[in-house]
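No value in this document is a laboratory result; all are computed from the given coordinates. Everything numeric in this text was worked out from a predicted model, so none of it was measured. When we count neighbours, we look across all protein chains shown, and the Cβ atoms used for this are built from the backbone with ideal geometry, even at glycine.
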Amino acid sequence: MHRILTFPDHLRLINERSNAFRAAVSAAPSLDLRVPTHPERTLFDLVQHVGMGRRKSAAIIAAGPADAPPDKSAWEDGVGAPRERGPSWPGGPSASNN
């Protein structure tokens, strides 16, 4: 039997999984690694893709109850965080800033 998640449970799971994803990306030796299930994509591409989904979810939640989802411009305002703002790892783009 499927359990319907409450809104707080849904937000908690998003937060937990976002933290796990952030930790996994931070542990990677490079954003240029290929994604095993999609070899044409790099880890950086995957981070951009997941980030877009997170921004979309945040825009929908921030809009509150509505008859339709918010306009795409609420989350498609660019390509997300630049590579330079990526996580810090040995030899990574943020490592020199630590």
Check: Hey, fewest Cβ within 10 Å first, where do Asp45, Asp67, Asp9 land in order?
Finding: Asp67, Asp9, Asp45
Item checked: Extension gain from Gln48 to Ala28, taking 0.36 nm per residue of separation minus the Cα-Cα distance -> 5.7 nm
Check: Can you list the HN-Hα couplings for segment 6-22, worked out from phi with the Karplus curve (6.51, -1.76, 1.60; θ = phi - 60°), rounded to whole Hz and with x for Gly and Pro?
Finding: 6, 4, x, 5, 4, 5, 4, 5, 4, 5, 4, 6, 5, 5, 5, 5, 4
Notebook entry, point to check: So how do Leu13, Leu46 line up by other beta-carbon neighbours within 10 Å, fewest first?
Noted result: Leu13, Leu46
